[in-house]
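What follows is a set of notes on a single structure, which appears directly below.
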């Protein structure tokens with residue numbers, strides 16, 4: 001008779017508990033019988049499982065399912081307050097923090113000005129405190145905290161290797177943040193987080209392999225392969241702004257912002273020049289340099305072109321973006337390309353359709369190109385998603401006593 005490992009029953013209970021909690025999050029609320037149908041567990045085992053999770057404060061009865069004969073069946077759901085997480089989107093001029101419960105519902109969001117302190121740790125700590133206060137919870141109740149920043153994040157150390165417009169975010173910041181806020185703090189590239197949000201909530205739901213092209217002030221790429229983020233050996237995967245482009249000068253100093261060839265082709269300065277060629281105003285009427293009238297952003301220019309039917313502008317922008325998309329497609333063959341960022345959102349399907357056709361003309365692969373479906377701030381949503389993955393792993397893996 002084969003020897004039974006003494007940990008096997010406990011491991012099976014852990015696996016069953018994890019599967020049940022995931023089902024309740026994705027399909028709940030569910031009755032005991034419905035949970036058994038989805039998991040293959042018997043009614044007795046399902047009942048024992050739910051009782052165990054109730055004792056742990058992880059599930060609760062949220063209502064009843066009307067039936068035929070006999071009493072109504074109790075509906076079970078995950079207790080939202082069983083764990084909280086925080087996500088942050090860090091930019092040079094603003095830091096946005098959001099707190100979510102374990103179901104993923106963002107209960108509150110706040111924004112602070114990082115220039116008030118100039119210290120990443122103080123800024124993050126202050127933003128998280130304000131978000132927790134607004135949510136009515138203590139900061140000690142956070143199970144995980146994920147931060148999205150511009151720049152390259154080392155996949156081994158988790159620290160920011162370099163960031164052009166966030167110079168105070170450098171090696172050592174992560175350790176300082178963890179000393180203040182706990183070991184659960186993680187830092188991730190902002191575009192990677194946008195791709196994570198797209199995979200969980202956007203047009204890429206259920207898609208194993210896709211890329212997200214972030215078109216805006218800076219150009220970025222989020223790569224999802226086998227439903228996992230691909231960061232590269234040094235964390236530099238997706239820095240598409242540096243992609244060499246025929247006819248555009250190569251950078252002589254990679255530390256100089258806006259010097260990458262693809263960045264020169266589709267960045268803000270390039271779009272302002274392209275708008276001028278098509279007689280799209282770069283600012284409010286009568287606004288001159290140095291005047292109170294602020295110049296339009298690159299997204300404003302694209303939005304104006306879409307609204308007024310400036311086909312020539314959109315066709316040329318699509319041609320330029322297609323160079324980057326085609327370069328990525330011939331290497332990764334993703335099948336799905338999602339346009340995001342301020343420019344991608346402003347262009348919408350009108351721009352996405354043009355990029356798809358332009359890529360098909362110059363590339364043997366023909367990926368579907370579409371616009372993001374993530375609502376609100378995609379980096380913040382991605383940061384919350386990353387924090388939730390970490391928190392759920394911790395909470396859902398500790399439901400059974402040793």
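The values are calculated or read from the model by the stated rules, or taken from the named source; none is laboratory data. What you see is a predicted model, and the numbers here were worked out from it, not measured in a lab. Because the Cβ atoms are built from the backbone with ideal geometry, glycine has one as well, and the counts that use them run over all protein chains shown.
Please list, ordered by first then second residue, the pairs with beta carbon atoms under 8 Å, 6 or more apart or interchain, first in region 17-37 and outside any helix (DSSP H, G or I), second crowded, with 19+ Cβ neighbours inside 10 Å.
Every condition considered, the pairs that remain are 28/76; 28/78; 29/76; 30/24; 30/76; 31/76.
Please verify whether region 80-89 includes one or more residues that are modelled with pLDDT under 95, surrounded by 22 or more Cβ atoms within 10 Å (Cβ to Cβ) and not in a strand (DSSP E or B).
yes
Out of 124, 99, report the one residue that is touching a helix residue (DSSP H, G or I) at 6+ places or on another chain (Cβ under 9 Å), modelled with pLDDT of 95 or more, part of a helix (DSSP H, G or I) and assigned by TED's automatic domain parsing to the domain that holds residue 389.
Result: 124 is the single residue among 124, 99 that is touching a helix residue (DSSP H, G or I) at 6+ places or on another chain (Cβ under 9 Å), modelled with pLDDT of 95 or more, part of a helix (DSSP H, G or I) and assigned by TED's automatic domain parsing to the domain that holds residue 389.
Please verify whether residue 93 is assigned by TED's automatic domain parsing to the domain that holds residue 133, without any contact (Cβ under 8 Å) to a residue 24 or more places away in the chain and closer than 23 Å to residue 398 by Cβ, treating the condition exactly as stated.
Here the answer is no, as residue 93 does not meet what is asked.
Please verify whether region 185-194 includes one or more residues that are part of a loop (DSSP other than H, G, I, E, B) and either surrounded by fewer than 18 Cβ atoms within 10 Å (Cβ to Cβ) or touching a helix residue (DSSP H, G or I) at 6+ places or on another chain (Cβ under 6 Å) (or both).
No, there is no match, as no residue in region 185-194 is part of a loop (DSSP other than H, G, I, E, B) and either surrounded by fewer than 18 Cβ atoms within 10 Å (Cβ to Cβ) or touching a helix residue (DSSP H, G or I) at 6+ places or on another chain (Cβ under 6 Å) (or both).
Go through region 303-333 and give me each residue that's outside any helix (DSSP H, G or I), surrounded by fewer than 18 Cβ atoms within 10 Å (Cβ to Cβ) and either over 25 Å from the mean Cα position of the chain (by Cα) or outside the structural domain of residue 271 (by TED's automatic domain parsing) (or both).
309
Starting from region 360-379, keep only residues that are within 16 Å of residue 213 (Cβ to Cβ) and assigned by TED's automatic domain parsing to the domain that holds residue 188, then list their pairs with residues that are at pLDDT below 95 and buried (at least 22 other Cβ atoms within 10 Å of the Cβ) whose Cβ atoms are within a distance under 8 Å, requiring at least 6 positions of separation or different chains.
Qualifying pairs under 8 Å: none.
Kindly indicate whether residue 349 is in contact (Cβ under 8 Å) with a residue 24 or more places away in the chain and either surrounded by fewer than 16 Cβ atoms within 10 Å (Cβ to Cβ) or under 18 Å from residue 268 (Cα atoms) (or both).
no
May I ask you to say which residue of 138, 148 is surrounded by fewer than 16 Cβ atoms within 10 Å (Cβ to Cβ), touching a helix residue (DSSP H, G or I) at 6+ places or on another chain (Cβ under 9 Å) and closer than 23 Å to residue 390 by Cα?
Just a single option satisfies the conditions, and that option is 138.
Please pick out the residue among 165, 154, 159 that is over 16 Å from residue 86 (Cβ atoms) and out of contact with any strand residue (DSSP E or B) (no Cβ under 9 Å at 6 or more places or on another chain).
The match here is 165.
Restricting attention to region 334-350, and to residues there that are part of a helix (DSSP H, G or I) and out of contact with any helix residue (DSSP H, G or I) (no Cβ under 6 Å at 6 or more places or on another chain), which single residue is farthest from residue 284 (Cα to Cα)?
Top of the filtered list is 349.
Have a look at 376, 335 and point out the one that is over 30 Å from residue 106 (Cα atoms) and modelled with pLDDT under 95.
Just a single option satisfies the conditions, and that option is 335.
Take the conditions part of a strand (DSSP E or B), closer than 30 Å to residue 78 by Cβ and in contact (Cβ under 8 Å) with a residue 60 or more places away in the chain and apply them to residue 146. Does it pass?
Answer is yes for this residue.
From the list 57, 47, which one is assigned to a loop (DSSP other than H, G, I, E, B) and over 30 Å from residue 192 (Cβ atoms)?
57
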